[in-house]
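*Asks:* Here it is, the structure, as C-alpha cells.
The values are calculated or read from the model by the stated rules, or taken from the named source; none is laboratory data. Remember, predicted model here, so these are calculated numbers, not experimental data. Here the Cβ positions follow ideal geometry from the backbone for every residue, glycine too, while neighbour counts run over all protein chains shown.
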Amino acid sequence: MTIYPKLILDALQTVRYPGTGKNIVEMDMVEDDIRIEGNKVSFSLIFEKPTDPFIKSIVKACETAINTYVGEEVEIKGNINILSRQKARPEVGKLLPQVKNIIAVSSGKGGVGKSTVAANLAVALANLGYKVGLLDADIFGPSVPKMFDVENERAYADEIDGRTVIIPIEKYGLKLLSIGFFVDPTQATLWRGGMASNALKQLIGDADWGELDYFLIDLPPGTSDIHLTTVQTLAVTGVVVVTTPQEVALADARKGIDMFTNDKVNVPILGLVENMAWFTPAELPENKYYIFGREGGKRLAEEANVPLLGQIPIVQGICESGDKGAPAALNQDTITGQAFMELARNVVEQTEKRNAELDPTQIVKVKKH
C-alpha cells in the first residue's frame, strides 16, 4: 500500500477538538511537515498553549484515526510531535531570572500578624530604594488586596515575548499579585491542595514580575503543600519567620523553623520577627506593656540560633492602617514605621550575608533612603 499525505490529512479530518465541533485540520492544528518513510509516518500538532488539557487525548485520537482509515500497518505511535503557539513556562529552577532575592515570610500559626509584617516589610524595602514584588501565596485567605486597598482591582493578561502573562497590580511602588484578584472575595475558595499549588505556580511563573531586588512571598500559616511547592519551584534565598511572644505561638514557630531547616527542604532562616512584642500608646511612646508575654521571640531566636530581625510593637494605628490599605511603614516618623524600617535593614543585612556565603563577589550594599 502506498501512503501519501492526503490520506493522512483525510484521516485527521475525523478528529475533532473537544467543545468546538471543528476538526483539527480545519483548526490549522496539523503542521505542514508530514513525513512518510515506508510505513512510518510522522508529523506535528500545534496547540494554543503548552498546557492544553486535551493534548494526550488528541494524540491518541490521531493515532487511532490513521490506523483505522489509512491502515493498521502504519507506524504512527510515538511519531507525533507537539508544538505550541505560546511559549512554555520556564522550567523549575529557571523561573524569575531577573529577581535577585526571593524571601518567604512564614509563621507557624495564624493570627500572629504575618501578612501585616510581609506587607510592611515590602513597603519598607521600597522605602530603602529597592525594586520589590509581593506575592500573596495564602490561596485560601488572601489579605494583600485589602491591606493595599486594591480589592476592586483585577489583574489582566498581556502578550510578552510569545507568552500570555499576568501583569501584577502596582501600588506604593510595589508589584502585587494575589489569588484575591481573581476570585469573589465574598466566597470561600474550595480547592484541593493540587489546585492551590497549581494556582501558586501560575502566579509565580506566568506573571511579568520583571526586574526585582526583592520578591517577597507571604506564605499561608502552618506547614502545607503551598510551602513545599514554593521551595520546590523557586530558589528561595531565605525565610523570615514571624511569631508573637506568647508560648502557644512560639511552639508553632519552632515547627516552622524545623520544616525549613529539615534536610528535605533545607532553606536558610534569615531570622525571626517578634510581632506584637509590646503595646505602646501613641500618646505615651516610652511606655511598654507586655500583654502577650515578654521577649518570647527573642528567646526563641537565641534557642534556634537565628538572628532576631525585629520587635514590632502594637499601636492602634497599625490595625487601622492595614484596614485602610495604607501600611504603617509608609509613615517612617511613627513608632511602627521606624520598627519596620529597622526590620527591612536587618533583612537586607542578613540577605547580603547569605549571598556572600554563596558568592563572596556578589554583595549588594544597603541603599540609604
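*Asks:* So which residues in the stretch 34-57 are surrounded by fewer than 12 Cβ atoms within 10 Å (Cβ to Cβ) and part of a loop (DSSP other than H, G, I, E, B)?
*Replies:* Within the stretch 34-57, GLY38, PRO53 meet the criteria.
*Asks:* Can you tell me how many residues in the stretch 168-194 are surrounded by fewer than 21 Cβ atoms within 10 Å (Cβ to Cβ) and modelled with pLDDT of 80 or more?
*Replies:* Number satisfying all stated conditions: 6.
Table: residues versus (1) polar (S, T, N, Q); (2) surrounded by 16 or more Cβ atoms within 10 Å (Cβ to Cβ); (3) within 16 Å of the chain's Cα centre (by Cα); (4) closer than 25 Å to PHE148 by Cβ.
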| position | (1), (2), (3), (4) |
| --- | --- |
| LEU203 | no, yes, yes, yes |
| ALA207 | no, yes, yes, yes |
| LEU212 | no, yes, yes, yes |
| ALA277 | no, yes, no, yes |
| LEU300 | no, yes, no, no |
